[in-house]
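The values are calculated or read from the model by the stated rules, or taken from the named source; none is laboratory data. Computed from a predicted structure; not experimentally measured. No Cβ is skipped: glycine too gets one built from the backbone with ideal geometry, and neighbour counts run over all protein chains shown. Just so you know, the surface numbers come from the protein's heavy atoms only, side chains and all, with ligands and any DNA or RNA stripped out. Shrake-Rupley method; radii C 1.70, N 1.55, O 1.52, S 1.80 Å.
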Amino acid sequence: MADMPAVSPAYAPTVGFDLDMTLIDSRPGIRACYLALSERTGVYVDADLAVTRLGPPLAEELVNWFPAADVPAVADLYRSMYPEYAIAPTVALTGAREAIDAVRAAGGRTLVVTAKYEPNAKLHLAHLGIEPDVVVGDLWAEDKARALREHGAHIYVGDHTGDIRGARAAEALSVAVATGPCTEQELTEAGADTVLPDLTTFPTWLTTHITSTKRH
């Protein structure tokens, strides 16, 4: 991994966060939306299976259930149904608000970079009262680096090996949380710089990281 850029003694990091299974547990809402989609289209979708592999773009899941030629239209339908079915059942993961607050308390900025359709990502955050400085949607894996670089992110926090790839592509520190489909071992083997069990330990980690960085 490339060396981190030099920082000033007054280092206040910009921290990016993934959304699904990093800041929010969207499984109940996404499950409800898939069930409604099945009813609407008459095509069976195993919603319980689908919610075990959140992270990649919607089309990568839909192609398991619909002909490839139909996926763009079905994806549009799913996204249009999403606000009705998926927002209310979704909850914040433990430590999510405190993680955002910890960055702000350190004088830093926060952004959410997610593969989710951006308007729906913003609906989730507004509903849960989580207020990052920037929200960027429709980016996955290495493509996330575009937003991370644009906003000068020093750290990217996610739950999937794709998030690690995005952080590395942006030359940002990769912090992984084992709250999604990937185990701590998988996240470590994928090259995360730090692996945490969940976001509850993130504020302490951030304080230690900032103190260490200032010394250098």
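A few comments on the model shown:
- When you restrict to C-alpha pairs under 8 Å that are six or more residues apart and normalise by the size of the chain, the relative contact order lands at 27 percent.
- Å² of accessible area per residue within the chain, as computed with a 1.4 Å probe and no ligands counted: 45 Å²
- Computed on the range 1-99, with alpha-carbon pairs under 8 angstrom and 6+ residues apart, the relative contact order is 42 percent.
- Overall form of the range 85-137 per C-alpha gyration tensor (a/c, 1.5; a/b vs b/c): oblate
- Annotation: amide H of Val112 within the under-5 Å range of Phe17, Val134, Val135, Val136, sequence separation 5 or more or interchain, hydrogens built in the peptide plane.
- Percent carbon-and-sulfur accessible area, the range 89-155, ignoring ligands, DNA and RNA, probe 1.4 Å: 48 percent
- Sorting the segments 134-144, 153-163, 40-50 by their residues' average number of neighbouring beta-carbon atoms within 10 angstrom, most packed first, yields 153-163, 134-144, 40-50.
- Across the chain, Cα-Cα pairs farther apart than 23 Å form 44% of the total.
- Contour minus Cα-Cα distance for Thr94 and Asp48 (0.36 nm per residue): 14.4 nm
- Positive dipole terminus of the range 1-134, leading residue within Ile130, Ala47, Tyr34 (C-beta point charges): Ile130
- Nearest-10 value in Å² for the accessible area of Thr204, using the 1.4 Å probe: 100 Å²
- In sequence order, calculated HN-Hα J values of the range 65-70 (Karplus, 6.51, -1.76, 1.60; Hz; x Gly/Pro): 10, 10, x, 3, 5, 8
- For Arg104, the solvent-accessible surface computed with a 1.4 Å probe is close to 90 Å², ligands and nucleic acids excluded.
- Look at the Cα gyration tensor of the range 168-216: its axes a ≥ b ≥ c give a/c of at least 1.5 with a/b at or below b/c, and that counts as oblate.
- Comparing Cα centroids, the range 89-143 and the range 10-77 end up 17 angstrom apart.
- Whether the range 113-212 is rounded, prolate or oblate, judged on the alpha carbon gyration tensor where a/c under 1.5 counts as rounded: rounded
- With all protein chains modelled, accessible area of Trp205 [1.4 Å, Å²]: 40 Å²
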